[in-house]
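Please treat every number below as a calculation from the coordinates, not as lab data. In this text the structure is predicted, and so the values were computed from the model without any measurement. Heads up, the Cβs are rebuilt from the backbone with ideal geometry, glycines too, and the neighbour counts pull from every protein chain shown.
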Amino acid sequence: MKKEFPKGEINVIRGRSLVIKGDDIDTDRIIPARFLKCVSFSALGEQVFADDRKELAGSHPFDLEQNKGANILVVNDNFGCGSSREHAPQALMRWGIRLIIGESFAEIFFGNCLALGIPCMTATKQEVSKLQNLVNQNPNQIWDFNLQDLSIYNQKESFKLNIEKGAYEMLYSGKWDATSQLLDAEERINNTVKNLPYLNNFT
């Protein structure tokens, strides 16, 4: 089934979660360097955490049957550190991840996720640990994320989340999505082009 990628305002996300435990998980672990020579990002979802998954021989969270179709990733501290490769959030997105919750994120990784419409929300170490335990106890549990309320919740539990104001406004308004904004402005762009003297009426 073809995956739908983020588009427009990112206000609510609903789905199942999976957990990757450990601090300082870098972009080379998320997508190893040998995959950076790809011509397009389309196949990167199959290679996300490739080396970790090979080492764990089917027991990595991204390989467990119970996690297939999950779209919320719960991580720990300084997730996405290391090199600035945009391939890392691309790989996560193409696997199916639409929201990441953790203690903190590397700045460039955070920005690359924002540019794809993937919110990177933070919570305290204690809250993240509690959320991870709940997810692992019941991987089939459905979680609802609400950007306006800055929360993720199920029928019994609710967790307050944080994100810096500028990123919040970009996600809530859809201004993170430069491509869609450009397409929506096609008529105005064409009118501008028609009125540019250096592009028209050459003699």
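General observations
- Relative contact order [Cα under 8 Å, 6+ residues apart], the range 12-176, whole percent: 26
- Computed from backbone phi, the HN-Hα couplings of the range 115-122 come to 5, 9, x, 9, x, 10, 9, 10 Hz, rounded to whole numbers (Karplus: 6.51 cos²θ - 1.76 cosθ + 1.60, θ = phi - 60°; Gly and Pro given as x).
- The chain, dipole about Cα centre (Lys/Arg Cβ +1, Asp/Glu Cβ -1), debye to the nearest 20: 420
- Summed over qualifying helices (DSSP H, 4 residues or more, each -39500 (n - 2.57)) and divided by its residue number, the chain shows a 222 nm mean residue ellipticity of -9000 deg cm²/dmol.
- Listed peptides 32-38, 158-164, 143-149 by packing density, highest first (mean Cβ within 10 Å): 143-149, 158-164, 32-38
- Efficiency of FRET from Cβ geometry, K37 and K156, R₀ 45 Å, rounded to 0.05: 0.45
- Stretching the chain fully between L56 and L196 yields a gain of 44.5 nm (0.36 nm per residue, less the alpha carbon separation).
- The antiparallel fraction among DSSP beta bridges confined to the chain stands at about 50%.
- By the rule of a C-alpha distance below 29 Å, with chain neighbours fewer than 8 residues away ignored, the lysines paired with K156 are K21, K68, K125, K130, K165.
- Long-range HN-HN contacts of S83 with modeled amide H, under 5 Å: T27, D28
- By the equivalent-ellipsoid construction on the alpha carbon gyration tensor, the chain comes out with semi-axes of 34, 21, 15 Å, ordered largest to smallest.
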